[in-house]
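Inspection log for the structure reproduced underneath, given as structure tokens.
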Amino acid sequence: MYNDILSIGPVTIHGYGLMIAIGVLVALIVSDKRAQKRGLNGEIIYGLVVWTVVLGFASAKVLFILTYLKDFLANPVSFLRMSGFVVFGGIIGGIITICTYCKIKKVSVIDYLDLVVVGVALAQGFGRIGCLLAGCCYGRPTDSIIGITFKHSDFAPNNVKLLPTQIMMSVGDFLIAGLLLYIGSRIEKKIKEQKELDTIPKSTDGRLVLIYLGLYSIGRFGVEFFRNDYRGNIGILSTSQFIGLLMTAAVCVAYYLIFVRKKEA
């Protein structure tokens with residue numbers, strides 16, 4: 001793959017950055033459309049997306065630094081110039097940002113979490129295409145028919161057939177987004193039916209964000225076995241696998257307390 005998409009004089013458009021920009025734009029459009037359908041404040045969506053992107057990337061960079069702490073301490077300035085993020089850092093930072101922003105604006109945190117989580121999954125799907133173009137987040141060497149070979153990557157080993165873990169993660173993110181859209185539409189339909197005097201659903205129950213976190217964590221845990229770039233480790237697990245296990249456990253507990261136990265009571 002080749003990361004330099006287009007060069008105009010001194011300006012070069014990189015595939016990684018372009019895919020991230022497309023992902024953010026798609027997330028914004030989808031979130032805005034869903035907000036209009038739900039009767040939620042579109043202006044809050046724009047502010048929410050901007051702050052979530054900015055602080056989410058900052059959080060992803062912080063976790064990346066912690067993962068490579070020794071390298072960072074050895075040469076902080078040089079290290080900060082490197083491209084590198086840890087997605088789980090962005091997810092955690094993004095959730096904190098959304099909760100804080102909604103509290104400041106005095107709107108329902110759950111409503112907007114369930115609303116934007118579809119856009120988040122879509123943005124990640126496009127972002128992983130950017131990873132493929134750049135050659136980062138690459139997989140293990142393989143003789144499989146699905147293997148890909150990089151020729152101009154600054155990250156992946158060139159001229160070696162590798163598992164396309166970027167494609168695996170991208171497809172997974174898009175599938176999660178599609179599932180969330182389907183489940184979300186069914187939840188909204190049910191809410192409409194339960195409101196005799198209302199035609200627009202006013203609230204959801206947080207189910208979508210839990211499904212997203214659970215599925216992403218499980219999927220990421222599995223894909224990590226096929227990755228071949230260093231991502232830090234905690235014991236025998238990579239950093240992302242360790243966080244994924246904690247996230248999955250937290251989602252299971254939350255789902256039980258919110259939905260199963262509440263229903264039993």
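The values are calculated or read from the model by the stated rules, or taken from the named source; none is laboratory data. This structure is a prediction, so every number in the text was calculated from the model and none was measured. Heads up, the Cβs are rebuilt from the backbone with ideal geometry, glycines too, and the neighbour counts pull from every protein chain shown. For the accessible areas, the whole protein counts, side chains as well, though only heavy atoms, and no ligand, DNA or RNA atoms are used. Shrake-Rupley method; radii C 1.70, N 1.55, O 1.52, S 1.80 Å.
Observations, loosely collected:
- Residues whose amide H falls under 5 Å from that of I234, counting only those 5 or more places apart or on a different chain, are T239, with hydrogens built in the peptide plane.
- Distant alpha-carbon pairs in the range 56-166 (separation over 25 angstrom), percent: 40
- With only the Cα atoms considered, the range 116-185 has a convex hull volume of 73 Å³ per residue.
- Vicinal HN-Hα couplings computed from phi for the range 24-39 (Karplus, 6.51 cos²θ - 1.76 cosθ + 1.60; Hz; Gly/Pro x): 5, 5, 5, 4, 5, 5, 5, 5, 5, 4, 5, 5, 4, 5, 8, x
- For the chain, accessible area per residue (1.4 Å probe, heavy atoms of protein chains only), Å²: 54
- Remark: the range 243-260, residue by residue, has Karplus-estimated 3J(HN,Hα) of 5, x, 5, 4, 5, 4, 4, 5, 5, 4, 5, 4, 5, 5, 5, 7, 10, 6 Hz, where x stands for each Gly or Pro and the curve is 6.51 cos²θ - 1.76 cosθ + 1.60 at θ = phi - 60°.
- Close amide H pairs (under 5 Å, H built 1.01 Å from N) link H14 with I5, residues at least 5 positions away or on another chain.
- For the range 25-145: lysine pairs under 27 Å (alpha-carbon distance), excluding those fewer than 8 apart on one chain: 9
- Relative compactness, the range 16-77, computed as alpha-carbon Rg over 2.2 N^0.38 Å: 1.54
- Helical content of the chain, expressed as a calculated mean residue ellipticity at 222 nm, amounts to -22000 deg cm²/dmol (DSSP H runs of 4 or more residues, -39,500 (n - 2.57) each, divided by residue number, nearest 500).
- Listed values (1) 63, 46, 41; (2) 85, 44, 36; (3) 52, 39, 33, entry calculated as Cα extents along the principal axes in Å: (1)
- Dipole of the chain [Lys/Arg +1, Asp/Glu -1 at C-beta], most positive-end residue of V160, Y216, G39: G39
- Approximate spin-label separation I145-L69, in nm, with each point projected 7 Å along Cα-to-Cβ: 4.6
- By accessible area, using a 1.4 Å probe on protein heavy atoms only, the chain has 67% of its surface on carbon and sulfur.
- A Gaussian network model of the chain, with springs between Cα atoms under 10 Å, assigns the largest mean-square fluctuation among D173, D205, D111 to D205.
- Distant-in-sequence amide contacts of T149, defined by a placed amide H-H separation under 5 Å and a gap of 5 or more residues or a different chain, comprise L162.
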